[in-house]
Amino acid sequence: MENREKFSSRLGFLLISAGCAIGLGNVWKFPYITGKYGGAAFVLIYFVFLLILGIPILTLELAVGRASQRSVALSMDVLEPKGTKWHWFKFPAMAGNYILMMFYTTVAGWMVYYFFKMAAGGFVGMNADEIGATFNSTLANPTLNVAFMIAVVISCMLIVGKGLQNGVEKITKVMMIALLVLMIVLAVRSFFLAGGEEGLRFYLYPDFSKLMEYGITEVLFAAMSQAFFTLSIGMGAIAIFGSFIDRSRSLMGEAICITILDTAVALMAGLIIFPACFAYGVDPGQGPGLIFVTLPNVFNAMPGGRLWGTLFFLFMCFAAFSTVIGVFQNLITFWTDMTDAPRKKIVAYHIVALIVLCLPCALGYNVLSGLQPLGEGTAILDLEDFLVSNNILPLGSIVYVLFCACKNGWGWENFMDEANAGEGLKFPNGIRLYVKYILPLIILFVFVMGYISMFS
Ligand code: PHE
Ligand code: NA
């Protein structure tokens with residue numbers, strides 16, 4: 001096993017962890033599922049889940065990572081009591097990381113393509129229908145999807161190959177700060193769009209009757225899964241960053257910081273997109289294409305829109321890349337923890353393997369569009385997303401919770417010692433019973449009910 005690098009600063013850690021958290025989940029997925037499930041009421045439920053599940057679980061995961069100083073490949077092996085089998089968790093967890101990348105890189109590829117198209121003036125003079133048609137023809141083109149997916153895989157792997165401080169930390173830091181600034185500018189711009197008020201209403205004024213359309217249990221399941229997805233919790237993706245820091249700060253405070261940054265970006269993405277939907281007659285419930293068919297309209301109608309649009313998609317690429325880089329880092333560390341193979345070799349193998357693994361999703365809207373695994377109109381992407389977001393993340397979160405709270409796991413005292421080492425906010429000891437009993441039951445309940453309503 002190789003020696004572990006550390007982050008050079010706390011800011012580096014926060015921005016990279018936030019960089020792993022903030023991604024397509026915020027700017028692509030959050031708006032489209034909020035649109036699908038009817039707006040503000042969904043957002044409210046999502047907030048509640050962030051608060052009662054997200055922050056505690058994020059703290060647990062960071063603690064496991066920091067105490068073990070290992071990726072999920074070995075973290076439980078190191079911390080579990082002798083003779084227990086917690087370490088088997090590494091298999092579903094790592095599978096989750098791979099499956100996530102199998103669709104994430106395709107969507108990241110769309111972002112890269114839109115960046116180039118925007119920069120080249122490819123949307124100039126188009127009306128809303130033409131912009132919508134452009135996205136459909138993008139999906140329909142297998143070469144384009146595969147080429148951009150490959151570009152994403154290779155460039156992110158090369159950055160990871162350069163190592164933690166040189167590659168990952170330096171690049172992510174700059175990207176995250178630029179992203180935050182630009183999102184604020186665009187949210188202000190979209191806020192004042194003529195005809196956008198109705199979008200703001202949809203987004204900010206909860207109308208609970210809309211929840212009934214889908215059934216409350218399905219909405220709860222979607223909101224909970226999105227809360228886990230957005231924070232990257234449940235499969236060791238964020239734990240790894242805990243393994244790169246020392247014990248100078250307590251972890252609850254860091255978890256709250258990451259959650260606040262992540263939520264701010266998601267909220268702003270909604271503020272940018274929903275007014276624009278209503279201003280240009282785009283259906284907010286239309287699914288994964290939402291951001292791609294809405295935003296070029298906004299930029300077309302803005303003075304200097306081509307420049308703003310180019311910057312926007314550039315930063316979307318940053319957000320996506322910082323997550324891909326974070327997860328790739330995890331995949332590579334998994335193998336450097338488990339084997340003695342040199343890092344360079346592992347990186348090289350991964351480039352090839354990932355390209356192959358990512359093909360089905362990239363081809364899912366064209367060559368393989370006949371496969372509709374979750375019913376009429378769904379694609380391979382939806383299946384892969386469902387496996388990760390609605391299954392591995394919630395169930396994996398339960399594993400983390402039990403591991404930290406139970407005597408025959410790592411145990412509560414050990415967890416509290418780790419989480420509370422250093423300066424900053426402490427994890428409240430008083431919520432032990434909540435964490436141990438209620439929290440996993442909430443997840444299980446929402447999960448089971450969600451399944452029942454989805455498949456009945
Ligand atoms: N949190 C990331 C996003 O919002 C996605 C992610 C999920 C990353 C799970 C790692 C693990 O885009
Ligand atoms: Na996120």
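Site-free segments of the chain were taken between GluC sites (Glu not before Pro) in DSSP loops having at most 16 other Cβ atoms within 10 Å, sites themselves excluded; the longest one is 6-375. For the chain, the 222 nm mean residue ellipticity estimated from helices alone, with every DSSP H stretch of n ≥ 4 adding -39500 (n - 2.57) and the total spread over all residues, rounds to -22000 deg cm²/dmol. Counting only residues at least eight positions apart within a chain, or on another chain, the aspartates and glutamates with an alpha carbon under 12 Å from that of Lys36 are Glu213, Glu218, Asp283. Using a cutoff of 8 angstrom between alpha carbon atoms and counting only pairs six or more residues apart, the relative contact order for the chain works out to 35 percent.
Give me the percent of Cα-Cα pairs in the stretch 353-444 that sit more than 21 Å apart, rounded to a whole number. Tail of P(r) above 21 Å: 54 percent of Cα pairs. Listed by chain and number, the aspartates and glutamates placed with their C-alpha closer than 15 angstrom to that of Lys407 are Glu80, Asp417; residues fewer than eight positions away on the same chain are left out.
Rounding to the nearest 10 and keeping the result within 0 to 90°, find how far the Cα-based axis of helix 10-21 lies from the longest principal axis of the chain. Once rounded, one gets 60 degrees.
For Asn127 and Val448, compute 0.36 nm times the residue count separating them, minus their Cα-Cα distance, and round to one decimal in nm. Gain on stretching Asn127 to Val448: 111.2 nm. The trypsin sites (Lys or Arg not before Pro) found in the stretch 353-456 that occupy coil by DSSP, while having at most 12 further C-beta atoms within 10 Å, are Lys407. Here the stretch 296-370 is treated as a sphere whose radius is the Kirkwood value from Cα pairs; by Stokes-Einstein at 4 °C and 1.567 mPa s it diffuses with a coefficient of 84 µm²/s. Loop-located trypsin sites (Lys or Arg not before Pro) in the stretch 316-351 (DSSP state other than H, G, I, E, B) with a sparse environment of at most 15 neighbouring Cβ atoms within 10 Å are absent. Between Glu197 and Leu51, the contour length at 0.36 nm per residue exceeds the alpha carbon distance by 49.7 nm.
What is the sum of charges, Lys and Arg at +1 and Asp and Glu at -1, for the other residues whose Cβ falls under 14 Å from the Cβ of Met102?
Local net charge: -3.
With equal scatterers on the alpha carbons only and no solvent term, can you work out the Debye log10 of I(q)/I(0) for the chain at 0.08, 0.12 1/Å? Values, matching the q order: -0.43, -1.00.
Overall shape: oblate for the stretch 175-230, with the ratio a/c of the largest to smallest alpha carbon gyration tensor axis at 1.5 or above and b/c at least equal to a/b. A simple spin-label model places pseudo-atoms 7 Å from Cα toward Cβ; at Leu44 and Arg10 they are separated by 3.6 nm.
The Cβ shell under 15 Å around Ala41 holds other residues with a net charge of 0, Lys and Arg each +1, Asp and Glu each -1. Using a cut-off of 23 Å between Cα atoms, the listed pairs Lys170/Lys344; Lys85/Lys436; Lys210/Lys436; Lys117/Lys173; Lys90/Lys170; Lys29/Lys210 include Lys210/Lys436; Lys117/Lys173; Lys90/Lys170 as exceeding that distance.
For Lys345, a cut-off of 20 angstrom between C-alpha atoms picks up these lysines, skipping any fewer than 8 places away in its own chain: Lys162. The chymotrypsin sites (Phe, Trp or Tyr not before Pro) of the stretch 346-420 include none that DSSP puts in a loop with a beta carbon having at most 15 other beta carbons within 10 Å.
No lab work stands behind these numbers, since they all come straight from the coordinates. These numbers come from a predicted model, not from an experiment. Counting neighbours? That spans all protein chains shown, and the Cβs are built from the backbone with ideal geometry, glycine included.
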